[in-house]
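A.B. asks: Dumping the structure here so I can ask a few things about it.
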Amino acid sequence: MGITLTEKILKEHLISGELKTGNEIGIRIDQTLTQDATGTMVYLQFESMGIPRVKTELSVSYVDHNTLQTDYRNMDDHRFLQSAAAKFGLHFSRPGNGICHQIHLERFGVPGKTLLGSDSHTPTGGGLGMLAIGAGGLDVAAAMAGAPFFLKAPEVVGVRLTGSLQPMCSAKDIILTVLQSETVKGGLGKVYEYHGQGVKTLSVPERATITNMGAELGATTSVFPSDEITQEFLILQKREDLWRKLEADTDAEYSRIIEINLDEVVPMIALPHMPDNVRKVSEVAGKPVNQVAIGSCTNSSINDLGIAADILAGKTISENLSLGIGPGSRQVLSSGIEGGIIKKLVASGARILESACGACIGMGFSPASGGVTLRTFNRNFKGRSGTADAEVYLVSPETAAASALTGVITDPRSLTEIKKKDYTSFIEIDDNMVIPPVPADKASEVEIIRGPNIKECPKADKLLDRLEASVILKTGDNITTDHIMPAGSKILPLRSNIPEISKHVFEALDPDFHLKAQKAGTGVIIGGENYGQGSSREHAALAPMYLGIKAVITKSFARIHKANLINFGIIPFTFADPAAYEHIKEGDILVIENLKEGIKKSKVLTAVNTSNGIEFEIVHDLADRQLDIIIEGGLLNYTMSRN
């Protein structure tokens with residue numbers, strides 16, 4: 001029996017464990033990427049490991065998140081990142097060069113390689129045939145130090161594409177269709193592998209749109225085959241020597257198959273406030289819109305901007321809205337200028353935003369209070385846009401541009417006169433904004449520059465024998481890492497200063513969380529289903545650890561956040577019986593006796609709520625390696641003790 005493409009890449013990179021669904025395996029990581037909102041902490045952690053030089057084939061440090069420089073702090077982080085990259089052997093993509101995922105796809109990605117990134121949308125690389133996985137920054141630091149990346153061998157779901165997209169329908173509509181059926185927690189422990197004749201109709205950037213938003217499924221990653229379409233993309237990028245053909249065996253067996261006929265895909269839209277709250281655009285057409293944004297790592301390629309420009313050409317956007325365009329990379333921006341795309345957009349009334357993450361993370365171009373904004377982005381969590389009461393809808397570039405003209409949500413299929421063009425002939429290669437690392441024999445001469453906002457990464461204490469802790473917060477289902485550790489222009493500059501950023505933990509749910517945690521000294525959090533979905537930001541575990549959180553007990557976890565909790569010595573428990581959730585309230589005192597020995601001997605432990613006398617069972621599924629990490633007080637302590 002044949003095997004899937006996912007299994008082929010995993011087998012090539014397998015270092016430890018048996019490649020059997022659900023087993024913990026360790027794989028070799030070929031490439032890593034970081035961005036500036038996560039990267040400063042990654043390189044502080046890497047430095048503390050005492051490893052002088054990265055051991056990966058390629059590592060890149062990008063600046064694309066904290067580019068809004070309202071004071072010294074973001075710029076200080078950039079100087080730190082550039083000097084750390086030079087010293088430790090990384091390429092450095094300068095501010096203005098673009099979004100990490102778009103650039104990595106264009107300039108660094110290689111079919112069949114493994115990529116680990118400290119950003120949840122790292123699976124974008126799957127559009128190029130990579131096994132690209134988002135992870136917490138500490139996992140990335142360990143991979144740069146030469147350690148394997150550990151994960152549970154995933155279930156591989158096949159997505160068979162047939163047919164071809166109809167006019168004004170796009171790759172964004174495909175992934176929204178998948179999200180509608182699979183939901184934001186349906187992909188946990190899974191890889192979505194796309195195959196079938198319909199794959200041949202999609203360009204690499206279109207495939208990357210789909211794999212990018214596979215992160216919203218909660219999936220480990222998503223992947224497309226590397227075929228002649230992939231080869232054409234690499235030829236365009238003058239990297240054709242890196243191409244190789246990669247695909248699943250014809251008789252590969254998937255855990256299940258999702259069938260999608262592209263002929264039947266229609267324009268789709270995700271309604272507030274979850275990416276899986278998906279409807280047909282035609283069902284909500286006519287709703288007034290205040291703002292439209294086209295860009296982000298999901299939909300900012302040259303042809304994404306090109307179709308928007310052709311829809312808007314010779315026309316003026318509605319007087320009741322503002323339109324922002326964020327090219328994904330400097331390559332896209334300069335090619336868009338050369339191809340006349342930018343001129344058409346500007347003439348229509350669009351504002352050209354920086355080639356950065358910007359509006360997607362609430363770093364500028366926030367909507368009006370109570371506003372309705374259509375965005376070609378990947379997430380529409382409440383408050384993520386920078387405006388707490390805004391309604392954020394996720395759409396394709398076609399739907400966004402059509403709606404910008406009319407001022408209301410508009411089905412782009414009404415624009416029958418627009419024909420999609422290919423603007424890739426205007427692409428020119430220019431890597432002068434990527435700084436290569438200093439040669440190894442000169443690295444000792446490099447001084448790492450640290451501003452006053454850059455503090456050491458705190459470490460957790462070793463595991464206690466007995467846990468007595470106060471319930472600091474009880475949450476509902478689908479708590480995101482945006483809920484736990486918000487982004488935006490106010491908080492992102494604090495990413496390298498844990499004492500300061502910890503004051504903002506859970507502030508949208510409980511502004512006094514950090515004060516309650518500090519007063520209690522030792523705390524636990526109670527959560528519902530899919531706790532910690534969304535961004536890979538390890539600060540959502542690191543800052544709670546700093547505040548004394550020792551355990552999180554939920555009905556279920558999202559993959560990356562669960563791994564981050566372990567990395568920082570916080571035990572992720574689930575309820576053996578979810579009904580026990582109902583008998584716990586904020587302020588209750590929970591006690592777990594014989595904790596250190598208990599988690600080693602059994603997967604099931606007993607917790608006592610001393611506030612009401614109720615006992616309940618909690619469960620962990622920690623592998624032996626993860627138990628050792630928890631007992632040591634986190635991955636940093638664990639790694640340092642073995643160097």
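The values are calculated or read from the model by the stated rules, or taken from the named source; none is laboratory data. None of the values given here were measured: they were computed from a predicted structure. Positions of Cβ are backbone-derived with ideal geometry, glycine not excepted, and every protein chain shown enters the neighbour counts.
A.B. asks: For residue 471, work out the one condition from (1) outside any loop (DSSP other than H, G, I, E, B); (2) free of Cβ contacts under 8 Å to residues at least 40 places away in the same chain it doesn't fulfil.
C.D. replies: Condition (2) is where residue 471 drops out.
A.B. asks: OK, next. Take the residues in the range 341-377 that are in a strand (DSSP E or B) and under 21 Å from the mean Cα position of the chain (by Cα); name whichever of them is farthest from residue 331 (Cα to Cα).
C.D. replies: It comes out as 374.
A.B. asks: Across the range 1-33, which residue is surrounded by the fewest Cβ atoms within 10 Å (Cβ to Cβ) among those that are in a loop (DSSP other than H, G, I, E, B) and of a type in the set (Ser, Thr, Tyr)?
C.D. replies: Going through the qualifying residues, I end up with 21.
A.B. asks: Which numbered condition in (1) within 30 Å of residue 363 (Cβ to Cβ); (2) surrounded by 24 or more Cβ atoms within 10 Å (Cβ to Cβ); (3) at pLDDT 95 or above is the only one that residue 36 fails?
C.D. replies: Result: residue 36 fails condition (3) only.
A.B. asks: Which residues, taken from the range 414-433, are among the hydroxyl-bearing types (Ser, Thr, Tyr), under 30 Å from residue 282 (Cα atoms) and either touching a Cys at 6+ places or on another chain (Cβ under 8 Å) or touching a residue at least 40 places away in the same chain (Cβ under 8 Å) (or both)?
C.D. replies: 416, 423 - these are the residues of the range 414-433 that are among the hydroxyl-bearing types (Ser, Thr, Tyr), under 30 Å from residue 282 (Cα atoms) and either touching a Cys at 6+ places or on another chain (Cβ under 8 Å) or touching a residue at least 40 places away in the same chain (Cβ under 8 Å) (or both).
A.B. asks: Filter the range 142-180 for residues that are surrounded by 24 or more Cβ atoms within 10 Å (Cβ to Cβ), among the small types (Gly, Ala, Ser) and in contact with a Leu (Cβ under 8 Å, 6 or more places away or on another chain); which is farthest from residue 81 (Cα to Cα)?
C.D. replies: For the range 142-180, the residue satisfying everything is 171.
A.B. asks: Go through the range 563-579 residue by residue and tally those that are within 18 Å of residue 463 (Cβ to Cβ) and in contact with a Phe, Trp or Tyr (Cβ under 7 Å, 6 or more places away or on another chain).
C.D. replies: 1
A.B. asks: If you go through the range 109-119 one residue at a time, do you hit one that is modelled with pLDDT under 95 and of a type in the set (Lys, Arg)?
C.D. replies: No, every residue in the range 109-119 fails to be modelled with pLDDT under 95 and of a type in the set (Lys, Arg).
A.B. asks: OK, next. Taking the options 124, 70, name whichever one is within 16 Å of residue 37 (Cβ to Cβ), touching a residue at least 12 places away in the same chain (Cβ under 8 Å) and either among the β-branched types (Val, Ile, Thr) or assigned to a helix (DSSP H, G or I) (or both).
C.D. replies: Within the list 124, 70, the selection yields 70.
A.B. asks: How many residues, within the range 535-549, are on the phi > 0 side of the Ramachandran plot and under 21 Å from the mean Cα position of the chain (by Cα)?
C.D. replies: Final tally of qualifying residues: 0.
A.B. asks: Checking residue 393 against (1) touching a residue at least 60 places away in the same chain (Cβ under 8 Å); (2) within 30 Å of residue 52 (Cα to Cα): exactly one of these is not met. Which one?
C.D. replies: Result: residue 393 passes all but (2).
A.B. asks: Given the conditions (1) crowded, with 24+ Cβ neighbours inside 10 Å; (2) at pLDDT below 95; (3) of a type outside the set (D, E, K, R); (4) within 13 Å of residue 137 (Cα to Cα), report the number of the one that residue 44 does not fulfil.
C.D. replies: Status for residue 44: all satisfied but (1).
A.B. asks: Take the range 291-340 and flag every residue that is hydrophobic (A, V, I, L, M, F, W, C), farther than 30 Å from residue 120 by Cα and outside any loop (DSSP other than H, G, I, E, B).
C.D. replies: Hits for the range 291-340 are 311, 312, 337.
A.B. asks: Residue 317 - would you say it is among the β-branched types (Val, Ile, Thr), closer than 23 Å to residue 349 by Cα and touching a residue at least 40 places away in the same chain (Cβ under 8 Å)?
C.D. replies: Considered against the rule, which asks whether it is among the β-branched types (Val, Ile, Thr), closer than 23 Å to residue 349 by Cα and touching a residue at least 40 places away in the same chain (Cβ under 8 Å), residue 317 comes out as yes.
A.B. asks: Still on this structure: Which ones in the range 569-625 are small (Gly, Ala, Ser), surrounded by 14 or more Cβ atoms within 10 Å (Cβ to Cβ) and within 32 Å of the chain's Cα centre (by Cα)?
C.D. replies: Selection gives 569, 576, 580, 623.
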